[in-house]
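Encoded as structure tokens, the structure appears first; notes follow it.
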Amino acid sequence: MSSLHHLRAVMTLFWADNRLMLAAGALLGLCTALAGVALLGLSGWFITATAIAGASVATAMVFDVFAPAAGIRFLALARTFSRYGERLVTHDATLTVLARLRERVFRGLAADEEARSLAARPARLLFRLTIDIDALDSLYLRVAVPLAAALGSALVTAAALGLVAPVLGVGIGLVLMLSGLAIPAVAAASARKPARRRAHALEVLRSRTIDLMRGQADLVMANRLAAQTMAVSDADARLADADDALNSIETNTGFSFAVAGAGLLAATLIAAAMLAESGAIGAPVAALAVFVALACLEPFAALRRGALELGRVLLSARRLGSKLADVADKATSPELPSSLANAVEIADVTASYRFGDRPVLEGQSLSIAKGEHVALIGTSGAGKSTILSLIAGELFPQVGAVRTLPAALLTQRTELFRDTLRGNLALARANAGDGEMMQALQAAGLGAFASSLPEGLDTMLGEGGTGLSAGQARRLALARLLLRDTSVWLLDEPTEGLDGPTARDVVERVGARAEGRTLVIVTHVRREAELADRILLVEQGGVRADCTRGSEEYLKLLDRLRPD
């Protein structure tokens, strides 16, 4: 029931985001199926009627060949265009919904609790954003659209043949519904476990392969290279076994549809012959019924692929279901940022990283004026980074409210990607021009370095920013912060791990560019705290001292910090 609950949540998201295109895709799928059935039925009627009319000169002279021929050509063209339109509309609608779903899931995974749990297993995040979300395209493309087309064409076919002979229409309708739905249902039930095993095996195979490629040196040092290679082979073997099981089910499903189609065709042929012999219908109509019976089960056969992938879809929906809540709904303040009197307002906030755990902050209130520079100091684990996370919107309070102007966070860890300099800077502001990017690099101390590169902003960086020194990587992160150009800057130990000259240069550049902006900096270093107009001492989950520049307490707190 849990999987079905999450599946309904995914279906609701699909339908809510782009319902017009989704409905248009299903309608085009139905038109394609009906055009195919009608084309074969009309062709059978036309061939038979033409043969009978040609038996004598009198009937041949009066028989109208143009209208049926035009109908056949129209149906052939309609089937082609509707098939093309179906592919175009359904794939566009699916990709649009999946893009929004990927963003929503990423926001859910970026929440503090999830981000911390995934930090040790980053490959898992990648798989959730790729394998699981990509699996959901089958929900619409291979399940919903074929099912709507099959059911719609079955009803229309049964109604059309019912006008010819009610018994024939009812009989074909019942056979289509029973066999057309039962065979995919049995296939889906049989394929559920192999599909889940395949999804797990694929995830394990990718993870182990990544570990093998990235950790070769460590594996060799630990004498585990052969064992890791064997683990990859085992995962590949399990994936192959799951594929074999799914291929066997697919073959059996195709054989079942072939048997059902042959049985339906034989029964229709006998029924049409009996009706024609009794004079209830003519030979052309009997041929039409036979050819319609030959084609009417084809739309249901399109469900075969969807039935095989339904298990994988259910697994993906279950794993992603808890991440579908829009994190924007968790906003803690209905006020617009422009209505704030201060840059940051924290009112009676209680916050923890896991619901039910001991609060990291409890009943805390804090106001930071616009343009004010504040340093948060204290021992590790006191709650300094928690305050930054609250201001940045990465952590939501259990009690109280947090209201801030737009803020940008510079963390201790510099997150760079295997991309160009331009691509890494564009994360801050996608529409920034080359001139703006170069100005940000210049302000961060990387202007001369970037200008000296043969490819300039198009220079490709390695994974994690490989190719840059630690100081250059931190300066690039600072350039990204400058390019962001928000009202509030949040810095979490920005010079940690840098050598003295580089650290002092970064601090000076931050101080020069922070004029007029609100600056909140978490630090253990004196040179960083000296940027602040106020120093807050955070201990045991709360602010224990609040000192302004020029006071004796301010100097005492500076003396507690690590020197340059």
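Okay, residues lined up against (1) outside any helix (DSSP H, G or I); (2) closer than 26 Å to L176 by Cβ; (3) in contact (Cβ under 8 Å) with a residue 12 or more places away in the chain:
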{"site": "L13", "(1), (2), (3)": "no, no, yes"}
{"site": "L34", "(1), (2), (3)": "no, yes, yes"}
{"site": "G44", "(1), (2), (3)": "no, yes, yes"}
{"site": "T48", "(1), (2), (3)": "no, yes, yes"}
{"site": "R87", "(1), (2), (3)": "no, yes, no"}
{"site": "H91", "(1), (2), (3)": "no, no, yes"}
{"site": "T94", "(1), (2), (3)": "no, no, yes"}
{"site": "L98", "(1), (2), (3)": "no, no, yes"}
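Considering only the range 205-216, I want to know if a residue exists there that is crowded, with 18+ Cβ neighbours inside 10 Å and of a type in the set (A, V, I, L, M, F, W, C). The answer is yes, given that some residue of the range 205-216 is crowded, with 18+ Cβ neighbours inside 10 Å and of a type in the set (A, V, I, L, M, F, W, C). Scanning the range 429-438 for residues that are surrounded by fewer than 17 Cβ atoms within 10 Å (Cβ to Cβ) and not in a helix (DSSP H, G or I) turns up R429, A430, N431, G433. For the range 12-51: of the residues being at pLDDT below 85 and buried (at least 16 other Cβ atoms within 10 Å of the Cβ), which is farthest from the chain's Cα centre (by Cα)? That would be N18.
Just one of (1) in contact (Cβ under 8 Å) with a residue 40 or more places away in the chain; (2) part of a helix (DSSP H, G or I); (3) surrounded by fewer than 22 Cβ atoms within 10 Å (Cβ to Cβ); (4) touching a Leu at 6+ places or on another chain (Cβ under 7 Å) fails for L531. It is (2).
With respect to being in a helix (DSSP H, G or I), under 18 Å from A545 (Cα atoms) and among the hydrophobic types (A, V, I, L, M, F, W, C), I387 fits the description. Scanning the range 279-318 for residues that are part of a helix (DSSP H, G or I) and free of Cβ contacts under 8 Å to residues at least 12 places away in the same chain yields nothing.
Residue-by-condition table, conditions (1) of a type outside the set (G, A, S); (2) under 26 Å from G261 (Cα atoms); (3) in contact with a Lys or Arg (Cβ under 9 Å, 6 or more places away or on another chain):
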{"site": "L39", "(1), (2), (3)": "yes, yes, yes"}
{"site": "A55", "(1), (2), (3)": "no, no, no"}
{"site": "V65", "(1), (2), (3)": "yes, no, no"}
{"site": "T90", "(1), (2), (3)": "yes, no, no"}
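Restricted to the range 112-213, the set of helices (runs of 4 or more DSSP H) holding at least 3 residues that are modelled with pLDDT under 85 comprises 112-119, 122-127.
If the condition is being within 13 Å of L557 (Cα to Cα) and surrounded by 18 or more Cβ atoms within 10 Å (Cβ to Cβ), then the range 511-528 contributes T523, V525, R527, E528. Considering G511, G516, the condition of being in the same structural domain as L390 (by TED's automatic domain parsing), assigned to a loop (DSSP other than H, G, I, E, B), out of contact with any helix residue (DSSP H, G or I) (no Cβ under 7 Å at 6 or more places or on another chain) and modelled with pLDDT under 85 is satisfied by G516 alone. The single condition among (1) touching a residue at least 24 places away in the same chain (Cβ under 8 Å); (2) under 30 Å from L555 (Cα atoms) that N424 does not satisfy is (2). If you go through the range 551-564 and keep only what is assigned to a loop (DSSP other than H, G, I, E, B) and surrounded by fewer than 16 Cβ atoms within 10 Å (Cβ to Cβ), you end up with S551, R560, P563, D564. Among the residues of the range 398-412, not a single one is small (G, A, S), modelled with pLDDT under 85 and part of a helix (DSSP H, G or I). Listed conditions (1) modelled with pLDDT under 80; (2) touching a Cys at 6+ places or on another chain (Cβ under 7 Å) are all met by T59, apart from (2). Give the residue, chosen from L476, L491, that is surrounded by 19 or more Cβ atoms within 10 Å (Cβ to Cβ) and under 30 Å from E552 (Cβ atoms). The match here is L491. The lone criterion from (1) more than 19 Å from A347 (Cα to Cα); (2) crowded, with 19+ Cβ neighbours inside 10 Å; (3) at pLDDT 85 or above; (4) among the aliphatic types (A, V, I, L, M) left unmet by A426 is number (2).
Within the range 534-550, if we keep just the residues that are small (G, A, S) and either surrounded by 13 or more Cβ atoms within 10 Å (Cβ to Cβ) or part of a strand (DSSP E or B) (or both), the residue that is nearest to the chain's Cα centre (by Cα) turns out to be G541.
The values are calculated or read from the model by the stated rules, or taken from the named source; none is laboratory data. These figures come from a predicted structure and were not determined experimentally. Cβ sites come from the backbone with ideal geometry, for glycine too, and all protein chains shown count toward neighbours.
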